[in-house]
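I have placed the structure first, in the form of structure tokens, so that the comments after it can refer back to it.
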Amino acid sequence: MRDVIRVLKTPLTLLALIALVVVGGTWGWANAMAPVPPRPPAPCVVQTIGPKLTPDKVTLRILNGGFQGGLAKRASLQMRAYGFNVIKVNNTDRRIQKTTIIGYAADSPEVLLVAGFFKDPVIEVDARADHSVDVLLGSVFPGYVTKPAQSVPLADGTACLPAPAVTASPSASPSASPKPSTTPSK
């Protein structure tokens, strides 16, 4: 009996190790080929900004959900002229009829400020963590308000706004690079 165990011990150990390598390799391959999960949005940061919220503190994404080409681009130019931070201009797969403002809550100051720039908008809420605002422009675009309010009063002078983007600061002394020669070489 002892001889049988001694003879079978090595092949059984090798089979167990091969099975372990195959299972581990299959698991590793499946996880390596899985799609990368999307990055969660950065939460908003409570900032003291004074008695009123102005357009320069609001972050917008403007998306065209209708059939009129270039509508989102024209709207972004209009909103940038008022000082809004437009971070994305694109189309959306969602087809809508009327201008739709999507934000954290219907009574959020940033949503109220943006909605005040459009005629008869529909307001939708999604409790987004970063307090940015999406403007979806539909097939029926009634236009802009003639004289929109340039600010919204804040109860306590603070607002939860998107975290400022981290940008690389320019170096204090620019590096000297050789200038190209304009004389032809022989």
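The values are calculated or read from the model by the stated rules, or taken from the named source; none is laboratory data. What you see is a predicted model; the values in this text were computed from it and never measured. In this analysis, Cβ positions are derived from the backbone assuming ideal geometry, glycine residues included, and neighbour counts consider all displayed protein chains.
Which of the numbered conditions does Phe84 fail, given that it passes all the others? Conditions: (1) at pLDDT below 90; (2) under 30 Å from Ile96 (Cβ atoms). Condition (1) is where Phe84 drops out.
In the set (1) within 13 Å of Val152 (Cβ to Cβ); (2) touching a helix residue (DSSP H, G or I) at 6+ places or on another chain (Cβ under 6 Å); (3) not acidic (Asp, Glu), Gly50 fails one condition alone, (2). The listed residues are Ala127, Ala159, Ala115, Ala105, and the only one of them that is modelled with pLDDT under 90, at negative phi and hydrophobic (A, V, I, L, M, F, W, C) turns out to be Ala159.
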